[in-house]
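Inspection log for the structure reproduced underneath, given as structure tokens.
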Amino acid sequence: MKKNSSDRFLELDVLRGLAALGVLSYHYTTRYTELFSPASPPLFKFPLGMYGVQLFFMISGFVIFMTLGKTKRPLDFIVSRFSRLYPCYWVAIILTFTVIRILHLPGREASLTDAGINFSMLQDWWSVRSVDGVYWTLPIELSFYILMFVFFLTKNLKYIEIWGLAWLIFMVWSSRLLWIVHWHAPGWLKISELLNYGHLFFAGILFYNLKTQGNAWYRHAGLVLCLVVQYMIRVDNIGPMVVGVFFLIFYLFVLGKLSWIVNKPMIYLGTISYSGYLIHQNIGYIIIRYLYTVHANAYLRFIVPALCAILIATAITYGVERPAIVYIRQKYKTWNQNKLVKD
């Protein structure tokens with residue numbers, strides 16, 4: 001197990017980078033082909049890359065529970081999440097919307113009103129088109145943050161494993177048995193998508209507790225139930241196997257057997273992964289479409305947009321994301337200090 005000076009688990013940074021790279025590869029090969037039916041095939045197809053999102057959710061469960069465990073005041077968590085998520089997201093919206101408006105991408109164009117609503121990160125809650133397709137995961141993440149924040153406010157974090165087990169049972173019931181009693185889940189619950197992905201966040205929490213609090217049979221049993229839920233709500237037979245592999249990887253991480261994946265290039269990919277995730281899809285599609293028009297070969301049709309995504313993500317990470325985090329959190333720290341003086 002490796003940590004850096006900011007008390008981050010470097011293995012998770014690397015896994016985050018690999019997940020982002022997998023999603024990028026899926027979009028630039030398999031998904032692009034499905035959407036635009038190009039005349040010639042891509043360099044390769046990587047449909048498994050779509051499951052990088054499930055890995056993201058597991059990492060979020062681990063990290064957010066760890067963050068809340070160190071949080072003293074509610075506003076600390078709000079400022080922390082806002083500074084991390086929103087500034088570079090807003091830049092990604094503006095950049096992607098502008099590029100699409102100028103260069104066009106048929107079937108992927110959002111209106112100015114839609115773009116404005118996207119700034120809330122809750123566009124799916126109002127059935128509004130996302131400026132970029134990858135944004136569909138963000139309201140799910142935000143729903144999870146809100147739920148965990150409620151547990152924090154009500155001092156229920158210490159009972160999270162009980163609540164999580166109850167949620168898994170409810171997921172099983174809702175996926176298989178609700179039709180019998182003709183009961184439909186509330187609209188807000190469907191919009192949150194936690195009925196489809198909540199088990200992955202909970203798995204991340206269980207792995208955090210395994211790592212920090214030690215072995216307990218019920219934690220392993222909970223992880224088995226998470227896999228059962230993944231199988232029951234599956235849309236294909238591959239998903240449960242891929243998620244099972246993610247669980248094995250997390251077990252290696254918990255046991256301290258994953259430090260060999262930590263190296264500077266992979267940490268770098270993890271560092272820019274959020275910005276890269278936000279801007280790679282539609283801008284990448286526009287680049288690929290242009291490369292098809294100039295008859296570029298399959299290698300260039302993958303490498304060029306991937307390099308562009310990395311360069312743009314680097315600029316946003318170091319030009320917007322990190323400075324914004326430092327600025328907002330420093331302002332908040334100063335405000336707290338001044339408040340203490342006045343009190």
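Bear in mind that the values in this text are calculations on the coordinates, not laboratory data. Predicted model only: the values in this text are computed from it and were never measured.
Provide the per-residue ³J(HN,Hα) series for region 254-268, in order, calculated from phi with Karplus coefficients 6.51, -1.76, 1.60 and θ = phi - 60°, each as a whole number of Hz, with x at glycine and proline positions.
3J(HN,Hα) across region 254-268, in whole Hz: 4, 7, x, 9, 10, 5, 5, 7, 7, 8, 4, x, 6, 5, 4.
From the helices alone, meaning DSSP H stretches of at least four residues, give me the mean residue ellipticity at 222 nm for the chain, per-run term -39500 (n - 2.57), in deg cm²/dmol to the nearest 500.
Theoretical 222 nm ellipticity from helices: -23000 deg cm²/dmol.
Over all distinct alpha-carbon pairs, what is the Kirkwood Rh of the chain in angstrom?
That comes to 21.4 Å for the chain.
Sort out for me the Cα centre separation of region 235-282 from region 103-175, rounded to whole Å.
21 Å
Quick one: Kirkwood hydrodynamic radius for region 183-341, alpha-carbon pairs, angstrom, one decimal? Please list the in-between numbers first.
Numbers: mean 1/r = 0.0500 Å⁻¹.
It is 20.0 Å.
Just want to confirm a number: the relative contact order over the chain, from Cα pairs under 8 angstrom separated by 6+ residues, in percent. It would help to have the intermediate numbers written out before the result.
On the way: 375 pairs, mean separation 102.3, N = 343.
The value is 30 percent.
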